[in-house]
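Colleague: First the structure, which I've put down as structure tokens, then a few questions once you've had a look.
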Amino acid sequence: MHNVISRALWSLVLMISIFACNPKGTDAWDAFTACGSTNCVEEVLAVKDAFLENPEAILTRFNESDEQGTDHVVGWLYILRDSVLLNSNFASTEERFDLQQQIVEAAKPYQENAKFAEMAKFVVDEIGQLAIASELEDDVVEPASEPFSGTYEFELPNDGGSGELLVSQISADQFKFKLTVVGGKPAHNQGMMEGVANILGSTADFSTDEFGGTCKLSFNFAEAVEITTLEGDPATCGFGNGVKADGVYRRTSFDDPFLSAADAKKVKMLQGTWQSLDDPKSVVKIMDGKYIDVYDGKEVSSAICLYCAKCPEDCGPAGAGACLKITAQDDACYSLVSLTATNLELSQIGGTGNTNRYKKK
């Protein structure tokens with residue numbers, strides 16, 4: 001009888017010690033770090049819940065990951081930011097703003113704690129600076145949800161003139177363009193302009209003094225793009241006599257007209273639906289200049305997808321290779337590790353460092 005009681009007491013002590021060594025929430029962190037993909041939204045949410053319930057336990061795990069030299073904390077914050085807090089499909093603006101404040105308030109008390117200060121400040125800085133509250137303001141200009149890159153054309157009836165606009169989006173804020181306009185008969189005078197336009201929502205503007213006066217153009221994008229001359233005449237815009245750029249240009253292609261033949265071929269190979277080899281529920285659709293995340297049949301996010309033959313400086317690339325720049329309220333960049341007709345490998349720059357592997361459906 002004494003031995004039975006002793007064994008029972010020992011089992012109880014062992015259970016208590018195991019619980020003490022594994023505070024609530026650490027299982028969620030283990031599940032996230034084991035996931036190893038930018039599609040681990042469920043795991044990220046579980047860590048978020050654990051953090052709100054017991055910040056100290058999760059901050060302890062953050063410290064351990066940092067001491068081990070991993071970037072799991074950065075990965076968690078990236079996914080929490082892009083797939084949850086800045087994702088309008090996840091919840092309403094009010095709900096996401098409330099969640100942002102909960103996370104920041106949970107971390108703030110630990111900024112003065114010597115053991116947790118660094119990680120607590122990291123969370124507060126990364127999450128607190130997100131401008132979710134600005135979405136509640138009526139006068140905020142929303143970023144464009146459709147890509148600008150492509151070829152646009154117009155042609156007036158009875159040989160009255162024509163135009164072609166070539167656009168390559170550089171970032172969320174700018175695109176480069178080449179505009180060619182041909183006037184009507186009988187002269188068919190011509191004009192050509194190229195430069196970089198500044199984007200504001202679904203409109204853009206361009207100004208030049210190259211031809212002895214000021215020429216200002218406005219680009220208004222919808223299903224087509226309407227060009228309007230705000231200031232200047234044919235001469236100050238560099239066009240022939242009687243030639244104006246004004247008109248509605250219809251999109252004839254989403255392809256970036258400034259890419260080399262080799263890069264254009266890669267972009268065509270990228271088009272389609274890609275299923276994750278690590279998580280069959282995770283699917284990425286790349287088409288018509290957009291990058292769409294789908295999980296378990298539900299669209300998680302949709303953003304403009306820019307193919308960059310040489311990854312731009314603001315992506316912080318590890319090398320000079322090609323990358324995909326996903327442009328929304330915040331940008332995310334993915335190194336193009338490997339691409340064939342059937343397989344795709346991407347690695348998020350500044351993420352967990354893992355390679356996401358996909359097979360074309």
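Bear in mind these aren't lab numbers, they're just calculated from the coordinates by the rules spelled out. Computed from a prediction, not measured in an experiment: that's the story for all the values here. Cβ placement follows ideal geometry from the backbone for every residue including glycine, while neighbour counts extend to all protein chains displayed.
Colleague: Among the lysines, select those whose C-alpha is under 27 Å from the C-alpha of residue 244, and discard any that sit fewer than 8 residues away in the same chain.
Modeller: Filter leaves 176, 178, 185, 216.
Colleague: Can you give the FRET efficiency to the nearest 0.05 for residue 235 and residue 180, using r as the Cβ-Cβ distance and R₀ = 25 Å? Kindly include the intermediate steps, with their values, before the conclusion.
Modeller: Details: r = 17 Å, r/R0 = 0.70.
For R0 = 25 Å, the calculated efficiency reads 0.90.
Colleague: One-quarter of the Cα convex hull surface for the range 140-273, in nm²?
Modeller: On the way: hull surface 38.0 nm².
Result: 9.5 nm².
Colleague: While we're here: Counting only Cα, what are the radius of gyration and maximum Cα-Cα distance Dmax of the range 242-324, in Å?
Modeller: Cα radius of gyration and Dmax of the range 242-324 are 16.4, 60 Å respectively.
Colleague: Only sites in a loop by DSSP and with at most 13 other Cβ atoms within 10 Å count here; which GluC sites (Glu not before Pro) in the range 167-241 make the cut? List each step's numbers first, then the result.
Modeller: On the way: sites: 194, 210, 223, 226, 231; in loops: 210, 223.
Listed in order of number, the matching sites are 210, 223.
Colleague: Any idea what angle helix 41-53 forms with the longest principal axis of the chain, computed on alpha-carbon atoms, 0 to 90 degrees, nearest 10?
Modeller: 50 degrees
Colleague: What do you get for the angle between helix 117-128 and the principal long axis of the chain? Use alpha-carbon atoms, 0 to 90 degrees, nearest ten.
Modeller: Taking the Cα atoms of the chain, the angle to 117-128 is about 40 degrees.
Colleague: Return the ratio Rg/(2.2 N^0.38 Å) for the chain, where Rg is computed over Cα atoms only. Let's see the in-between values first.
Modeller: On the way: Rg = 26.5 Å, N = 361, 2.2 N^0.38 = 20.6 Å.
Against the compact-globule rule of thumb, the ratio is 1.28.
Colleague: Round to the nearest 10 and give me the degree value, 0 to 90, for the angle of helix 261-270's Cα axis relative to the longest principal axis of the chain.
Modeller: Once rounded, the angle reads 50 degrees.
Colleague: Right, next: Please list, in order along the range 294-303, the HN-Hα scalar couplings obtained from phi with the Karplus expression 6.51 cos²θ - 1.76 cosθ + 1.60 (θ = phi - 60°), rounded to whole Hz, x for Gly and Pro.
Modeller: 10, 10, 6, x, 10, 5, 8, 7, 9, 8
Colleague: OK, next. Points 7 angstrom from Cα along the Cβ direction at residue 200 and residue 131: gap in nanometres?
Modeller: It is 1.4 nm.
Colleague: So how far apart, in nm, are the two label points at residue 355 and residue 226 if each is 7 Å from Cα heading toward Cβ?
Modeller: Between residue 355 and residue 226, the label points sit 4.9 nm apart.
Colleague: Stretch residue 264-residue 188 to full length: gain in nm at 0.36 nm per residue minus the Cα-Cα span? Show your work: numbers first, answer last.
Modeller: Values: separation 76, 0.36 × 76 = 27.36 nm, distance 3.22 nm.
Contour length minus the Cα-Cα distance gives 24.1 nm.
Colleague: According to a simple spin-label model (label point 7 Å from Cα along Cα-to-Cβ), what is the distance in nm between residue 345 and residue 314?
Modeller: With each label placed 7 Å out from Cα toward Cβ, I get 2.9 nm.
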